[in-house]
Amino acid sequence: MAFQKNEAGQWTPVLPQHALGTAFGAGVWNVAPGGGRFAPAMRPALSLEQTLTELKNAGCTHVEFHDTEAEPEDAEKIMKSVRNAGVEVSMCTANLFKRGPEFANGNMGSPIADTRTEAVRRTKDYIRTGIEVFDASIYVYWNSSNGFGGPLQVNYRDLFQMTADSLSEVVTWMLDTYGPERALPIAIEPKPNEPVSWGAPADCGEVLAIISLMPENLRPFVGTNLETCHSLMAGKRYAAELGLAAAAGKCFYVHLNGGTGLKFDEDLAFGDNDFGVAVETVWTLEEIGYSTVLGIDVQPLNTDTPQQQSASVVRSIRNFRRAHEICRTRIHAEELNALRAKADRAAQSDWFARICSGIDA
Ligand SMILES: [Mn+2]
C-alpha cells in the first residue's frame, strides 16, 4: 500500500520505515567512469551487476534508476540482477533531460505542447514500471531542463502553471489506473540552474508553490526530494529547506551529497567540504522524524581510481555515521533548545563548533 488515509481523512504516503541511518539508496549513475566537458573519463565503465555489487559493498540497501539506465522493457531482467545483488529499488525517475533533443526546451512546463506530452508519457511509463516491476517506494521528478535561459524565453506564469498541469495529468492517470492504495508517491527534486540558467522549480518553496497550483484532491500525492548540493547552489541552507518541506508534510525523500556553494552541481560526498552541514542535516532529519530510505546522489572524484569506483558513496555513508554519532553523543535536545530560547547567537555558534570538533577548550 502506497497511500493511506490519516485520522483527518487525508491521503498520506506509506513509505518503508527504516530507523535513521539503517537504509541507504544510491543511483547506479553514482558509480561512473567520470569525464565531461573538462575532464577525460577516469575509470572503466562497469556492468550493471558489477555496479550493484559495488553499491551493496559500499553499504547500500537500495538502488535508484533512471529509465535510460533501466529501460521499461528491460526492467524485469534488471530486477533479477537487483534481487541477486541483495538490494531493493527505492526510487526511479524518467530522464527528461538527456534522452534526446526533445527535452532541449524544457519538459513538464515547456512552451512546446509536444514536449510536455512526451514528458508526461515518459513519466507515466516509468511510474508503471516502478509500481509493476520495481516495487519502488518513490518516483522522482527532477526539473532538469525545465526553465529558461534568457529574457522572455517562456511565459513565466505559464511555466509554473503548465508544470503543475502536467503533474496533475500524471497523478490523475496514476489514480485512475492504480488507485491511491497502489499509487507511487511523486517527489519533485528542485534545482536552481544547470542544465538551464533558471531551473523551475528552483527550491523547496517553488516546489510547494507548484503543488499548490494543482487541484486540491491531487496535492497529497506529490511532495519533495530535496538534494543538499542543489540547495547550496540556490543559496539555501539545506537543513532549513528540509524544515520547510516537513512543515508542509512534504518531505517524502532526500538526496544527500555535498557541494561548495553557489557554483555547479558538484555532487561531492555527503559531509565533504563542510562537515557541519552533515551534522546539522542529520540532526534536522531526526527532528523532523525522517524514517525512510536515505538517498545518496554523488559522483566519484576525478582522482578516484578503478579501485575507488564507489568511494564517494562509501564516504557519504561513513560521514553520515560520523555525524549521527555526534548527534547521539554530543547534542542534547534540552541543552540545544535552551540555547535556542536565549538571544545569544555567540553562545550558539560556540556550542556548534564545540560539538562538531569534540574539543571543549
Ligand atoms: Mn539528485
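Any read-out appearing in this document is the output of simple, stated calculations on the displayed coordinates, not a laboratory observation. Being a predicted model, the structure only gives us computed values, none of them experimental. All Cβ positions, glycine included, derive from the backbone under ideal geometry; neighbour counts span all protein chains shown.
Computed quantities for the displayed model
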{"item": "The chain, helix-only ellipticity at 222 nm - DSSP H runs n ≥ 4, -39,500 (n - 2.57), divided by all residues, nearest 500", "result": "-13000 deg cm²/dmol"}
{"item": "Between segment 73-139 and segment 178-202, the Cα center-to-center distance that results, in Å", "result": "12 Å"}
{"item": "The chain: most fluctuating residue of ALA119, ALA341, ALA311 per GNM, C-alpha cutoff 10 Å", "result": "ALA341"}
{"item": "Global form of segment 176-280, assessed from the alpha-carbon gyration tensor, a/c cut-off 1.5", "result": "prolate"}
{"item": "Amide H contacts under 5 Å for PHE24, placed H, 5+ residues apart", "result": "THR61, HIS62, LEU294"}
{"item": "Listed residues TYR290, TYR178, TYR238, most fluctuating in the chain (Gaussian network, C-alpha, under 10 Å)", "result": "TYR178"}
{"item": "Under-5 Å amide H pairs with TRP142, H placed in peptide plane, nonlocal only", "result": "GLU189"}
{"item": "Förster radius 25 Å - calculated FRET efficiency between ALA353 and ARG321 (Cβ-Cβ, nearest 0.05)", "result": "0.75"}
{"item": "Theoretical gain in end-to-end length, ALA113 to ASN84 [0.36 nm per residue, Cα-Cα removed]", "result": "6.3 nm"}
{"item": "Max mean-square fluctuation residue, GNM over the chain, Cα-Cα springs under 10 Å, options GLN308, GLN161, GLN348", "result": "GLN348"}
{"item": "Segment 283-313 and segment 240-280: distance between their alpha carbon centers, rounded to Å", "result": "11 Å"}
{"item": "Extension gain from GLN10 to THR22, taking 0.36 nm per residue of separation minus the Cα-Cα distance", "result": "1.5 nm"}
